[in-house]
Amino acid sequence: MQKNFFTIMLITFISIGAAAQNTKPNLEYRIYPGTVTTTDGQTIKGYVDNRDNESNQSKCIFYTDMHDGRTRKVYKPSELLGYSVENFQYKSMDYSGNISIGKATRSFLFILKPGPIGTYLYFISREEQPVWQKGDEEPVSNASMLFGFKKAVLKLVGDDADLAGKIDRKEKGYGKLDIMAIVDEYNTWAAAKK
């Protein structure tokens, strides 16, 4: 029983990570064109200092003129809704990783796939953790999917009665290993409702 559980855990983390590997940020460490979006919704164009994945989560170093260090401003996640560097985007949300103790801190999470349910990546110790968020609701981690899949996934997709029924009945293709396909199906359904 325990062996099967750990095998399922391993397969889940590998498959989720494999789906994300080709789209994560892979820019050199330097200044790129980018934007910041302030908490009042204003988007400002300029240049963003791209650093490593973990550093990009804790602050955004922004310049209005890349050749003038006096225009440098450092933003914390609490000061922005998000930012972009080249074609990569980050969203500010309360999230401290799969296993956080106490209240989550605000971080910039990499937007892997936008949509009604967005798929994000959180980087910690050179590892990436997938995270899902519906609108501005509390984010759902891959750990919560692993240990309470039905409850966690229904929190995200429960308003689509047909999809929720497939998950509830444990139909083939609607289990833990299919989370990316489930989110895609939900996002297609939500877009068609508009």
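The values are calculated or read from the model by the stated rules, or taken from the named source; none is laboratory data. Computed from a predicted model, the values in this text were never measured in an experiment. Reconstructed Cβ throughout: ideal geometry from the backbone, glycine too, with neighbour counts over all protein chains shown. Areas reflect the complete protein model, heavy atoms only, side chains present, ligands, DNA and RNA absent. Shrake-Rupley method; radii C 1.70, N 1.55, O 1.52, S 1.80 Å.
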Answer yes if at least one residue in region 32-41 is open to solvent by 80 Å² or more (accessible area, probe 1.4 Å), among the hydroxyl-bearing types (S, T, Y), modelled with pLDDT of 95 or more and in contact with a Leu (Cβ under 9 Å, 6 or more places away or on another chain), and no otherwise.
yes
Mind telling me which of the residues F108, F123 ends up being touching a Cys at 6+ places or on another chain (Cβ under 7 Å), modelled with pLDDT of 90 or more and closer than 30 Å to R30 by Cβ?
F108
Filter region 129-162 down to residues that are of a type in the set (K, R) and touching a residue at least 12 places away in the same chain (Cβ under 8 Å) and give me whichever is farthest from G118 (Cα to Cα).
K150
Just to be sure before I move on: is Y122 free of Cβ contacts under 8 Å to residues at least 24 places away in the same chain, aromatic (F, W, Y) and open to solvent by 20 Å² or more (accessible area, probe 1.4 Å) in the structure I sent?
no
Could you run through region 110-167 and say how many residues are among the acidic types (D, E) and closer than 26 Å to N56 by Cβ?
5
Subset of region 110-154 (residues that are among the aromatic types (F, W, Y), in a strand (DSSP E or B) and under 22 Å from G175 (Cβ atoms))
Y120, W132
Do you know which residues across region 71-87 are modelled with pLDDT of 95 or more and not β-branched (V, I, T)?
R72, K73, Y75, K76, P77, S78, E79, L80, L81, G82, Y83, S84
Could you give every pair whose Cβ atoms fall below 6 Å, whose first residue belongs to region 66-77 and is of a type in the set (D, E, K, R), and whose second residue is surrounded by 10 or more Cβ atoms within 10 Å (Cβ to Cβ) and part of a strand (DSSP E or B), counting only separations of at least 6 or pairs across chains?
R72/Y63; K73/F62
Top-ranked residue in region 163-183 [being open to solvent by 40 Å² or more (accessible area, probe 1.4 Å) and in contact (Cβ under 8 Å) with a residue 24 or more places away in the chain; ranked as nearest to I117 (Cα to Cα)]
M180
Search result, residues across region 50-86 that are surrounded by 13 or more Cβ atoms within 10 Å (Cβ to Cβ), part of a strand (DSSP E or B) and hydrophobic (A, V, I, L, M, F, W, C):
C60, I61, F62, L80, L81, V85
Which condition number does Q133 fail, the rest of (1) at pLDDT below 95; (2) crowded, with 19+ Cβ neighbours inside 10 Å being met?
(1)
